[in-house]
Amino acid sequence: MTDLKNEPTGPDDKIDRKATEKETDDLREKLSILQSKLYASRVHSVLIVLQGMDTAGKDGTISHVFTAINPQGCNVRGFKSPTEEEASHDFLWRIYPHTPAKGMMEIFNRSHYEDILFPSVHKTIDKDILERRYELINRFEEELIDSGTVVLKFFLHLSKEEQKKRLAERLADPHKRWKSNPNDMKEEKFFDDYQRVFEKIIDRCSPKIPWTIVPSDHKWYRNYIVAKELVQALEKLKLEYPL
């Protein structure tokens, strides 16, 4: 059983920040080449799922890790509360159109897991339906794997103290204030409840397509871990430009 309380939210004290940031730069260069080969060869596709508490750094991860990516071969899709039309369909209905085509990299900023998280914490859906959703998500992701899609799932693990600090900074910074909404402070009170649901998700929706728990209290370290995992996964594909 995953216990996020025992998972670190920051790097080991022995890890050198300057050297790590240099390595992250090198990883971004590798990622650029690998993504170019992915796009040119059109054999595989990649789905990157970013989940985490509010302010965990999903937007920041995208803007810092994927800076060298060719935008022709990459899409970013955010999933928040379902619209009225989306809610009138099966919960995966809004997800399927955004799964990546061959050669493409798709980044989900939040994802199909939102349809377990909020309903579980706020008890808006029957428990039996929620249990069924775990099974349907596993099947959905396995279908993607079978069709040649690499699925990488990252949980950006943030401490309660760091979230409180970042929410306050968001309100104080005019460049970030637009992200804030009245529900932020309300949802902050459910931090422990969300963590428990994330623990269940990580347990139930693994190990065939495992989660990477990313310590995210330090943004530079978060970026490094995500970049490293992504490069390693793409290198395993042994991508080549077509002849």
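The condition of being in contact with a Lys or Arg (Cβ under 8 Å, 6 or more places away or on another chain) and hydrophobic (A, V, I, L, M, F, W, C) holds for only one of Ile225, Ile213, Ile209, Ile202, that being Ile209.
Selection of region 136-158 for residues being farther than 22 Å from Gln232 by Cβ and in contact with a helix residue (DSSP H, G or I) (Cβ under 9 Å, 6 or more places away or on another chain) yields Ile137, Asn138, Phe140, Leu158.
Report, ordered by the first and then the second residue, all pairs with beta carbons closer than 7 Å, sequence separation of six or more or different chains, a first member in region 1-18 that is closer than 14 Å to Ser216 by Cα and in a loop (DSSP other than H, G, I, E, B), and a second member that is modelled with pLDDT of 95 or more and open to solvent by 60 Å² or more (accessible area, probe 1.4 Å). These pairs meet every condition: Gly10/His218; Pro11/His218. Hey, any hits in region 62-77 for a residue that's over 25 Å from Asn181 (Cα atoms), touching a Leu at 6+ places or on another chain (Cβ under 6 Å), touching a residue at least 24 places away in the same chain (Cβ under 8 Å) and surrounded by 15 or more Cβ atoms within 10 Å (Cβ to Cβ)? No; the residues of region 62-77 include none that is over 25 Å from Asn181 (Cα atoms), touching a Leu at 6+ places or on another chain (Cβ under 6 Å), touching a residue at least 24 places away in the same chain (Cβ under 8 Å) and surrounded by 15 or more Cβ atoms within 10 Å (Cβ to Cβ). Looking across region 102-125, the residues that are touching a Ser or Thr at 6+ places or on another chain (Cβ under 8 Å) and either modelled with pLDDT under 95 or open to solvent by 50 Å² or more (accessible area, probe 1.4 Å) (or both) come down to Lys102, Phe118.
If a residue counts only when it is modelled with pLDDT of 95 or more and closer than 30 Å to Lys22 by Cα, which helices (runs of 4 or more DSSP H) contained entirely in region 166-243 have at least 1 such residues?
Numbers: elements: 183-188, 191-204, 219-235.
Because the criterion is at least 1 residues that are modelled with pLDDT of 95 or more and closer than 30 Å to Lys22 by Cα, the helices (runs of 4 or more DSSP H) in region 166-243 that meet it are 219-235.
The values are calculated or read from the model by the stated rules, or taken from the named source; none is laboratory data. None of the values given here were measured: they were computed from a predicted structure. Ideal geometry is used to build each Cβ from the backbone, glycine not excepted, and the neighbour counts take in all protein chains shown. For the accessible areas, the whole protein counts, side chains as well, though only heavy atoms, and no ligand, DNA or RNA atoms are used. Shrake-Rupley method; radii C 1.70, N 1.55, O 1.52, S 1.80 Å.
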